[in-house]
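Student: This structure is in structure tokens; I'll ask about it shortly.
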């Protein structure tokens with residue numbers, strides 16, 4: 001370029017032409033410089049872009065491999081999770097089996113409890129049946145003798161006397177029939193108690209039910225243990241209406257509470273405290289829109305530390321073999337199922353009272 | 001307000017050009033002086049002290065005057081702006097945040113509606129602290145400017161005024177916006193490339209590792225085209241600065257961060273602005289050769305808010321100089337022709353301004369323009 005400039009200077013042309021040519025040459029020089037610059041920069045940029053993009057591609061490929069590895073790991077984890085799921089499913093089946101077995105055991109236990117309370121009743125029932133049977137036996141023996149006497153009067157021809165004796169026999173037969181019916185009623189009650197609950201509610205005279213079970217329990221205990229001696233009182237609100245209950249179930253609750261009460265007073269009685277009069281009282285009353293049955297005793301009372309536990313299944317203070325520990329627990333469930341409540345109040349050394357509250361319209 | 005540009009390579013030349021410029025009765029109050037570190041700044045400020053002209057000065061990595069690109073020279077814009085329409089602020093301290101804080105307080109106490117043009121010296125400062133420090137006091141006042149440079153020697157840059165000079169300080173022109181319309185825009189043109197990378201270790205503006213690899217090694221791997229790694233300043237200048245990291249900030253602003261220095265021992269790169277640890281970045285490459293047209297087009301948007309101008313100030317990244325080479329002067333020329341008024345500027349180590357669709361921020365690789373126009377007495 002410099003050489004070119006020299007040549008132009010040496011040309012025999014006008015100075016203005018020279019200046020014009022040199023000016024154009026300067027423009028050409030800049031164009032060449034720009035072209036050179038663009039070329040060099042493009043080469044560098046190309047290399048830089050290539051480097052960055054290659055590195056990016058490598059990085060993306062690495063990330064792709066990482067993702068594949070992670071994906072494989074996830075697949076592996078899924079397989080393991082599936083296996084664990086199967087194990088858990090197997091365990092679930094075993095657990096369900098165990099639950100079913102527990103349910104059947106529970107049913108058996110409830111049945112056992114029912115049978116146990118039936119056993120407690122048996123003696124009382126036997127005592128109750130004994131009385132009418134004695135009547136039946138005595139009156140039938142007496143009637144037998146009266147028929148012999150009547151026949152003698154026929155032989156004598158005294159028809160009036162024979163008729164008088166026949167009238168006595170009729171009265172005896174009526175008495176036999178009456179006591180036979182009573183025995184039948186008692187047996188019917190026993191069957192009702194042992195029968196599976198019908199689940200049907202029926203209008204029931206609570207006072208009669210409480211009285212019946214009080215006496216059954218008392219005589220049952222007396223029959224089993226000659227030394228047993230306790231007094232009982234009743235205080236029934238005669239104005240109570242009949243309420244709808246499942247007879248067998250509430251009957252079992254009453255029997256359970258009354259038996260417990262007698263057991264409690266008997267235990268205290270055995271201690272031989274002077275002037276102690278073992279007493280169980282059963283009372284009924286209307287409290288607001290509830291019917292309340294109170295079963296109270298003057299036994300030792302429930303110690304505070306076990307008060308919370310008495311409604312728990314299998315909890316019992318009785319010696320092994322004498323109680324299942326299910327009585328109060330089942331009673332609680334039965335009362336709850338009737339929409340009622342079962343509560344306890346107790347003072348150590350003074351006694352215990354259970355309150356059954358049932359809905360009463 | 002009238003503006004006249006003069007340039008010179010020594011004090012005698014400057015004095016002579018000043019005489020010519022003032023021969024018609026033109027009486028400047030303010031001189032914007034951008035000069036190479038090789039120039040004798042003391043002689044220049046002494047001269048202007050004598051003439052009772054305020055000086056707003058910075059060292060450069062190349063000077064811009066109208067449509068010419070200079071090296072090893074002083075370019076000066078003389079303005080006959082009324083003294084009550086501007087104030088010069090300067091303060092030197094290592095605590096960039098604190099002095100920017102003070103600058104904002106100064107601006108607020110000077111005018112009801114100030115506008116600020118600021119230049120900071122310091123090669124290793126985290127220039128983002130200028131923005132943070134200023135915004136801690138005032139988020140509304142427009143802020144424009146750049147980082148002083150030192151001809152890529154990486155020995156020290158300076159800002160200066162009549163009786164002030166600092167290698168770690170600020171100098172600022174605070175204008176009364178009710179009297180002087182000040183508008184600005186920063187535009188880059190660099191495009192991101194490749195996949196996102198993570199800054200795995202950094203403190204302020206020093207980046208130690210990128211994706212757990214030493215930052216220098218990453219840049220060397222991609223952008224090292226010279227053989228020696230001993231002359232770190234040259235490596236930066238010739239290679240790295242043109243491939244800045246694009247950083248998306250928490251406020252959504254996208255900014256470019258160019259490496260300014262290398263610490264060979266810790267294999268760390270010192271950037272002009274902060275890059276928080278954990279942030280995501282991408283590399284970016286130099287724009288195509290249509291950059292000049294694109295930049296001019298973007299700057300021309302300002303014509304709607306400031307159709308007439310008295311003076312133009314350009315803070316252009318040194319990396320643009322590298323990227324545009326012999327075409328750099330064309331960029332200045334085309335932008336100047338938008339208003340056809342005197343343009344003064346220099347090649348910086350960083351720019352402050354408002355990019356498209358973002359708030360004021362610290363940038364690299366941008367051309368940050370400031371346009372001044374005195375408002376007429378009855379308003380603009």
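The values are calculated or read from the model by the stated rules, or taken from the named source; none is laboratory data. Nothing here was measured: the structure is a model prediction, and the numbers come from that model. Virtual Cβ from ideal backbone geometry, glycine too; neighbours counted across all protein chains shown.
Student: Mind counting the residues in the stretch B:190-217 that are surrounded by fewer than 21 Cβ atoms within 10 Å (Cβ to Cβ) and either at the interface with chain A (Cβ under 9 Å from one of its Cβ atoms) or part of a loop (DSSP other than H, G, I, E, B) (or both)?
Tutor: Residues flagged as surrounded by fewer than 21 Cβ atoms within 10 Å (Cβ to Cβ) and either at the interface with chain A (Cβ under 9 Å from one of its Cβ atoms) or part of a loop (DSSP other than H, G, I, E, B) (or both) within the stretch B:190-217 amount to 7.
Student: Quick one: count up the residues across the stretch B:268-303 that are over 18 Å from residue B:348 (Cα atoms), in a strand (DSSP E or B) and out of contact with any helix residue (DSSP H, G or I) (no Cβ under 8 Å at 6 or more places or on another chain).
Tutor: Within the stretch B:268-303, residues that are over 18 Å from residue B:348 (Cα atoms), in a strand (DSSP E or B) and out of contact with any helix residue (DSSP H, G or I) (no Cβ under 8 Å at 6 or more places or on another chain) number 4.
Student: Being exposed (fewer than 11 other Cβ atoms within 10 Å of the Cβ) and either more than 30 Å from residue B:284 (Cα to Cα) or within 14 Å of another protein chain (Cβ to nearest Cβ) (or both) is the requirement here; does residue A:32 meet it?
Tutor: no
Student: Give the stretch B:276-309 a look and list any residue that's crowded, with 19+ Cβ neighbours inside 10 Å, farther than 13 Å from residue B:246 by Cα and within 14 Å of chain A (Cβ to nearest Cβ), or say none.
Tutor: Residues satisfying the conditions are B:287, B:291, B:292.
Student: I'm trying to understand the selection: among the residues of the stretch B:243-257, which are within 14 Å of chain A (Cβ to nearest Cβ) and not in a strand (DSSP E or B)?
Tutor: Within the stretch B:243-257, B:243, B:244 meet the criteria.
Student: Somewhere in the stretch A:13-25, is a residue away from chain B (no Cβ under 14 Å), free of Cβ contacts under 8 Å to residues at least 40 places away in the same chain and not in a helix (DSSP H, G or I)?
Tutor: The answer is yes; a qualifying residue exists.
Student: If we scan the stretch A:196-207, do we find a residue that is at pLDDT below 90 and assigned to a helix (DSSP H, G or I)?
Tutor: Checked the stretch A:196-207: no residue is at pLDDT below 90 and assigned to a helix (DSSP H, G or I).
Student: Give the residues of the stretch B:27-49 that are exposed (fewer than 15 other Cβ atoms within 10 Å of the Cβ) and under 20 Å from residue B:83 (Cα atoms), sorted by residue number.
Tutor: B:27, B:46, B:49
Student: Also: So which residues in the stretch A:235-247 are touching a strand residue (DSSP E or B) at 6+ places or on another chain (Cβ under 7 Å) and part of a loop (DSSP other than H, G, I, E, B)?
Tutor: A:236, A:237, A:240, A:242
Student: Select, from A:301, A:351, the only residue that is more than 22 Å from residue A:236 (Cα to Cα) and in contact with a strand residue (DSSP E or B) (Cβ under 7 Å, 6 or more places away or on another chain).
Tutor: The conditions single out A:301.
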